[in-house]
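What follows is a short report on a single structure.
The values are calculated or read from the model by the stated rules, or taken from the named source; none is laboratory data. Just so you know, these numbers come straight off a predicted model, no measurement behind them. Reconstructed Cβ throughout: ideal geometry from the backbone, glycine too, with neighbour counts over all protein chains shown. Keep in mind that these areas ignore ligands, DNA and RNA; they rest on the heavy atoms of the full protein, side chains included. Shrake-Rupley method; radii C 1.70, N 1.55, O 1.52, S 1.80 Å.
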Amino acid sequence: KARCRTAEEEDVKKGLMQEEGSLLSSEMPPLVQHQNFWVSPKLFKSMQLVQEEFVPRADDIILATYPKCGTTWLKALAFAITNRSRHMLAHHPLLTRHPQDTVPFLELPNRRIQPLAELEAISSLRLLATHLPFPLLPASVTAVGSRVVYMCRDPKDVFVSKWHFENRMSEKLFIELGLSFHLFCEGISVCGPIWNHYLEYWNESKARPDKVLFLKYEEMMSDPVKQVKRLAEFLGAPFTDTEERSGVVDEVVKLCSFEHLTSLKVNSTGVADLIGGFPMENSTYFRRGKVGDWENHLSAEMAQQLDSIVEEKLKGCGLTF
Ligand code: A3P
């Protein structure tokens, strides 16, 4: 589709050229700012395609996260909940398929040509995933009434998880923790600032609670049964009394638990391109799966610095960590 580029898109184009060069020179890929969020040039192009060509459906369910907030877990849970009548636990697809592979992303770093045809081909009720900030999703998602499940996490743990993940993405690329932390605190990270990512979905969940469910990783960890029941209700697939009595909720929780998923061969061995453009070891999506692992990586001063930034940015909205 030919159309004039805005100055912002020109910057993105330059960034894309730099990005391709930078991968060769082993520097950090540059990010560009778009509507107050930072995206890589490739992600920007993919987001444009999503905005122009993605056709949401009223019964779509979009699993939205800032990266490293528990996307893999949420994908596994939503897939297990919505497909539970079709799959016996003994032969469940999650025993042989990586959770990332069960729910496709809307945007992909390498989705350039024929981008969304494969999503069109999925029959309703579609489970889709995104890391895009709410304002960068197509407005039609809200207009048609697609449901969104959002999961957030203590930003300190997100930062640590992200730092590990990014350093495994490329053997050539090593990002020093202090520099990465500094940028994160400045709000400069893919799809960041993280606080704005949280805030936009949080506000949306308050304005349209029937359409946007807001979950916290920490609450999922501390009471998974309660949160999984909440999730199932929102997804329109509540557990029946009989299911509850016969332990189906516990089985879903166990099937998708960190301990169980990491014990499976499909998640602990092999390399695959599960998120588009980045062949990675399947195990990369599972590291420690703990609340508070930041304590092993951040000093008390760093923790306090990030806490106070997040507190200030979220002040008055009701979301705390
Ligand atoms: P850590 O790096 O802190 O261990 P995402 O899926 O959004 O990429 O997030 C990855 C984080 O979620 C990693 O955190 C990973 O270990 C954790 N995770 C993956 N599967 C999980 C599960 N089933 N339960 C809890 N945490 C999980």
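Compared with the direct C-alpha span, the chain from E251 to K206 gains 13.1 nm at full extension, assuming 0.36 nm per residue.
Split the accessible area of the stretch 182-267 by element, probe 1.4 Å, and carbon with sulfur accounts for 52%.
Packing, as the average of other Cβ atoms within 10 Å across residues, places the peptides 239-249, 135-145 in the order 135-145, 239-249, highest first. Stretched out straight at 0.36 nm per residue, the stretch from N83 to R288 would grow longer than its current Cα-Cα span by 71.1 nm.
Stretching the chain fully between D59 and F278 yields a gain of 75.8 nm (0.36 nm per residue, less the alpha carbon separation). Relative to the Cα centre, the charge distribution of the stretch 246-288, modelled as +1 at Lys and Arg Cβ and -1 at Asp and Glu Cβ, gives a dipole magnitude of about 120 debye.
In a reduced charge model with +1 at each Lys and Arg Cβ and -1 at each Asp and Glu Cβ, the chain shows a dipole moment near 620 debye about its Cα centre.
Can you give the % of DSSP beta bridges in the chain that are antiparallel, to the nearest 5?
Of all bridge pairs located within the chain, approximately 25 percent are antiparallel.
Using only Cα atoms, tell me the angle between helix 41-53 and the longest principal axis of the chain; keep it within 0 to 90° and round to the nearest 10. So the inclination is approximately 60 degrees.
Considering only Q35, P133, G145, the residue lying farthest towards the positive end of the dipole of the chain is G145, judged by Cα position with unit charges set on Cβ. Remark: the chain carries 47 Å² of accessible area per residue (probe radius 1.4 Å; ligands, DNA and RNA excluded).
Kindly provide log₁₀ I(q)/I(0) values, in the same order as q = 0.13 Å⁻¹, from the Debye equation applied to equal alpha-carbon scatterers of the stretch 218-315. Ignoring solvent entirely, the Cα scatterers give -0.76. Remark on V148: its backbone amide H falls under 5 Å from those of I62, V212, L213, a criterion applied only to residues 5 or more positions apart or on other chains, H modelled at 1.01 Å from N.
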